[in-house]
Amino acid sequence: MEDIIEIKNVKKIYRVGDEKIIALDDINLKIKQGELCCLLGTSGSGKSTLLNLLAGLEKPSSGSIKIKGINIELLNEKKLVKFRQQHVGFVFQSYNLMSPLTALENVCLPLTFKGISKRAREKEASKMLKSVGLENRLKHKPSQMSGGQQQRVGIARAFVGDPEIVFADEPTGNLDSKTTKEVMELIVSMAKKNNQTLIIVTHDQNIAKFANRIVHIFDGNIEKIEQLNY
Ligand code: ADP
Ligand code: MG
């Protein structure tokens, strides 16, 4: 399998007042297409910063990030938006659903930016909601669903339109242990089905076990990489 992501000598420094915070010190990492990769580390170790850089939400202070052969640190904001719309899906800890919209409308959103007709969008979004077990919640708003159900909507939205890469930042951080297991199994099976690359950020060893490879992050550096065999 080919490398879909290649990170070289990435550093991220934040300046707060006079203080310099090295969020990422020197990160080198390659991720293959279809890999389930977990970034594991304690709070403040730099996991979310790394994910945000990979998703093109922030720029590295130095170093390069190549995704599908494109150096995304060189893209302007307009091109980055387009890049994300075409290649990337997101699952957030706090779901980040649009509260006035129904489950169906939330899942339709990413397809809107791809210029797909309303009818085709709704068909595709219903199919996704069915595959996450929410076929009878299409008209529900986020406030009318449990946390686990809202995250299933979040997963349907991340995977709709078949993006090559899906990023998930602490996707089960707000869920109980039973729902956590169900949601993790769902995310992993969705990614495997279409050979998508999945990158999950967590501080939880038990979540990390769902991955093929665990990248241990400590103090802005990769401490070790653990290959899991099945
Ligand atoms: P994690 O996701 O592993 O908990 P983060 O990547 O959020 O860690 O943060 C890594 C370090 O960078 C922390 O020390 C954090 O305080 C700092 N940091 C993160 N984002 C910012 C920011 N926007 N401005 C200043 N410091 C930040
Ligand atoms: Mg974080």
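The values are calculated or read from the model by the stated rules, or taken from the named source; none is laboratory data. Computed from a prediction, not measured in an experiment: that's the story for all the values here. For neighbour counting, all protein chains shown are included, and Cβ atoms are generated from backbone atoms with ideal geometry for every residue, glycine included. What goes into the accessible areas is simple: the full protein's heavy atoms, side chains included, and nothing from ligands, DNA or RNA. Shrake-Rupley method; radii C 1.70, N 1.55, O 1.52, S 1.80 Å.
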Exercise. Is it fair to say Ile155 is within 16 Å of ligand 1 (Cβ to nearest atom), of a type in the set (Val, Ile, Thr) and assigned to a helix (DSSP H, G or I)?
Worked result: no
Problem set entry | Residue under evaluation Ile70, criteria (1) touching a residue at least 12 places away in the same chain (Cβ under 8 Å); (2) touching a strand residue (DSSP E or B) at 6+ places or on another chain (Cβ under 7 Å); (3) farther than 17 Å from Asp169 by Cβ, criterion not met | (2)
For this session: Among residues belonging to the range 187-217 that are in a loop (DSSP other than H, G, I, E, B) and out of contact with any Cys (no Cβ under 8 Å at 6 or more places or on another chain), point out the one that is surrounded by the most Cβ atoms within 10 Å (Cβ to Cβ).
Result: Gln196
Problem set entry | Hits in the range 137-168 - residues which are among the hydrophobic types (A, V, I, L, M, F, W, C) and either within 28 Å of Ile5 (Cβ to Cβ) or open to solvent by less than 40 Å² (accessible area, probe 1.4 Å) (or both) | Met145, Val153, Ile155, Ala156, Ala158, Phe159, Val160, Ile165, Val166, Phe167, Ala168
For this session: Name, by its number, the condition in (1) within 16 Å of ligand 2 (Cβ to nearest atom); (2) at positive phi that does not hold for Ala168.
Result: (2)
Exercise. Any chance the range 171-186 includes a residue that's farther than 17 Å from Ser131 by Cβ, away from ligand 1 (no atom under 16 Å from the Cβ) and open to solvent by less than 10 Å² (accessible area, probe 1.4 Å)?
Worked result: no
Exercise. Has the range 143-162 got at least one residue that is closer than 21 Å to Gln33 by Cβ, touching a Lys or Arg at 6+ places or on another chain (Cβ under 7 Å) and more than 16 Å from ligand 2 (Cβ to nearest atom)?
Worked result: yes
Exercise. If you take just the helices (runs of 4 or more DSSP H) that sit entirely in the range 18-136, which of them hold at least 1 residues that are surrounded by fewer than 17 Cβ atoms within 10 Å (Cβ to Cβ)?
Worked result: 77-87, 103-112, 118-131
